[in-house]
1. Quick one: would you say ALA37 is of a type in the set (Gly, Ala, Ser) and either closer than 24 Å to ARG171 by Cβ or in contact (Cβ under 8 Å) with a residue 24 or more places away in the chain (or both)?
2. Do any strands (runs of 3 or more DSSP E) entirely within region 71-181 hold 1 or more residues that are surrounded by 15 or more Cβ atoms within 10 Å (Cβ to Cβ) and in contact with an Asp or Glu (Cβ under 6 Å, 6 or more places away or on another chain), and if so, which?
3. Please count how many residues of region 29-70 are open to solvent by 90 Å² or more (accessible area, probe 1.4 Å), small (Gly, Ala, Ser) and either out of contact with any strand residue (DSSP E or B) (no Cβ under 8 Å at 6 or more places or on another chain) or part of a strand (DSSP E or B) (or both).
4. Could you grab me the full set of residues in region 145-158 that are closer than 29 Å to ALA38 by Cα and modelled with pLDDT of 90 or more?
Amino acid sequence: MTTKKTRVWAIAALVTAVTSFSACLKSDNVTPQRDRAAVAIINGILTSGDLDFYDNSTKVNNNALSIGFTYIGYPIYGGIRTFSFKKAGQTADYVAVTSLYDSLTYNTVVAYGDSTAPQMRSIKDDFTGAKETAVNIRFFHLSPSAGPVDLYIDDVKVDSNRTYVGTSGFRTAFTPLDKSVYTNNIKVK
């Protein structure tokens, strides 16, 4: 009789242990999280009207955006995506770009030009020349009505003779600057 009771208790303990372990497996999320890509969004379109920003037909902003809008590190799932700006309250795209994005690259989406001929481009960021011990910059000349310009930080010229990206294209690489600390004194001449 003692042997039978011991067997019953052993089977009950085994069933309890198996049930407990299987319950733990059910509550754990063993599926890996989907990788995300980060995109910087820049609106440099010379327009006096406000714009709305859309990601695959979904409006992202709550308040209308004006010129100079930037969003750094916008997280997205990879794949083919269409980013667009629409005039505030309108349904038609004002300017749009469709590209393939993945979690292995960083991208910048730039809208530029004047209100009559806006353009939008997605560029892959190039960090090959960037240094961890330096301030790394990239300068886009987005004004179609201004001639070549020089960029100064703290009254030191750090980039010269930059022309409008609509005619010269985008420089995707970051440039490291020798000085390690800068103030917010930035000038374009």
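The values are calculated or read from the model by the stated rules, or taken from the named source; none is laboratory data. The structure displayed is predicted, hence computed values, not measured ones. Here the Cβ is made from the backbone with ideal geometry for all residues, glycine too, and neighbour counts use every protein chain on show. These area figures cover heavy atoms from the full protein model, side chains too; ligands, DNA and RNA do not enter into them. Shrake-Rupley method; radii C 1.70, N 1.55, O 1.52, S 1.80 Å.
1. yes
2. 79-87, 106-112, 149-153
3. Summing the residues that are open to solvent by 90 Å² or more (accessible area, probe 1.4 Å), small (Gly, Ala, Ser) and either out of contact with any strand residue (DSSP E or B) (no Cβ under 8 Å at 6 or more places or on another chain) or part of a strand (DSSP E or B) (or both) in region 29-70 gives 1.
4. LEU151, TYR152
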